[in-house]
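Trainee: Pasting a structure here, questions to come.
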Amino acid sequence: MKNLYGVVVISLYCATANAALNELSGAWAGSIGGASIAVCFNESEGLKGVYYSDEFKAPIRLIAIDDVFSAKDKKIETLSGTKRSVTHLLVRYENTLAKTEQVVSLKRVNNSALYDSCSSVAFAGKLATSRSMPTIEYQGHVYNYYKKNGVPLFSLTEKNAVTDKINKDIYELIHPLKTIKAFELELKPSLGSNGSIETSEASITPQFWSSDYLSLNFNQWSVDTGRSGVSWASHTWDLKTGDRVDPWAWVNTKYLWKTPYSGTVKLPKKLTNLLYAITDNLKNCPALDSYDTYEMVITRQGLLVSSPATGNDCDKEWNLTWAQLYPILTPEGKIAAAKMSGSNK
């Protein structure tokens, strides 16, 4: 079953007239290879359906074309209907790579009305919670990560007072109740109208991890906004105290948060002067201190600073070493540099 989602070709055939196809609307349940599956169809012009595994909860959209439902993603499996009634459906599951077939029985979900849409609780209820992901390793460090009701949940696996403090802070940053409500408001209309999941997306991924500091990238995309709806920013914690720290303070400025995924920052004068001193081809570019935001990432060698991406020659990235930064670092920044470089300078 591990190849059932994301890497499959799935077809649901029903050799009947369109009127009979409409009798498939509603939620269905069964199992393939011991794994529970759910199938649902919207009763609409050009009947649309969705297919997912209870384990992976990765829906694949099914679209009716000449009485054939299909969803393609360049691979090897098919799901085809052979007999149909209002409450019971037999399908033939074919894995063309393994050259195996099996007959699968689908039954209408209890309390699923004939014309329930795929936004109904009978089908969409299970999609609110994704399966837990296994422990993930990043550069020798481990963490747990999964999504629940559209909320990315990140937690350090080591248990002590410091990690408990950090895990609590991460959880509170994402405003789970607000995010869950937004996810539900987007999910049901999407399933009910076109049989797909079109919701805002959010993620949390490690960006830097040492024995002293952890930086996580918080990334968010708002549905129906295109590229303009993407926002991201980094949060950093001191792994000795559990306190959140602002690496921008190390160069004598402050990141002003708007949301957990975005904010503004102004380059301080000394950093601006340093960037001008080491950068060519800025003559026709906006002044470096005119931008209202930059991205900063901690590295073991120093700080990686990036200007806003505009798609032209003015996009810049500076990989600054601790040696370059040392003359402009605040006392707090010099302590951080000493920890990173193993030097007292």
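The values are calculated or read from the model by the stated rules, or taken from the named source; none is laboratory data. Since the model is a prediction, treat every value here as computed from it, not as a measurement. Every residue, glycine as well, gets a Cβ built from its backbone with ideal geometry; the counts of neighbours run over all protein chains shown.
Trainee: Tally time: how many residues in the range 276-314 are closer than 25 Å to TYR213 by Cα, surrounded by 14 or more Cβ atoms within 10 Å (Cβ to Cβ) and not charged (D, E, K, R)?
Mentor: Selection size over the range 276-314: 13.
Trainee: Let me ask you something else. What's the total number of residues in the range 232-269 that are surrounded by 16 or more Cβ atoms within 10 Å (Cβ to Cβ) and hydroxyl-bearing (Ser, Thr, Tyr)?
Mentor: 5
Trainee: Output the number of residues of the range 164-213 satisfying the condition of being modelled with pLDDT under 95 and either at positive phi or aromatic (Phe, Trp, Tyr) (or both).
Mentor: Final tally of qualifying residues: 4.
Trainee: Moving on. Can we say LYS159 is under 25 Å from PRO260 (Cβ atoms), modelled with pLDDT of 85 or more and among the charged types (D, E, K, R)?
Mentor: Spelling it out, LYS159 is indeed under 25 Å from PRO260 (Cβ atoms), modelled with pLDDT of 85 or more and among the charged types (D, E, K, R).
Residue by residue, here is whether (1) hydrophobic (A, V, I, L, M, F, W, C); (2) modelled with pLDDT of 95 or more holds:
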site: THR241; (1), (2): no, yes
site: VAL245; (1), (2): yes, yes
site: ALA249; (1), (2): yes, yes
site: LEU256; (1), (2): yes, yes
site: THR259; (1), (2): no, no
site: LEU282; (1), (2): yes, no
site: PRO286; (1), (2): no, no
site: ASP292; (1), (2): no, no
site: LEU304; (1), (2): yes, yes
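Trainee: What about LYS74, is it in a loop (DSSP other than H, G, I, E, B) and modelled with pLDDT under 70?
Mentor: yes
Trainee: Here is a list: THR236, THR253, THR272, THR279. Which entry is closer than 30 Å to VAL151 by Cβ and of a type in the set (Ser, Thr, Tyr)?
Mentor: THR236
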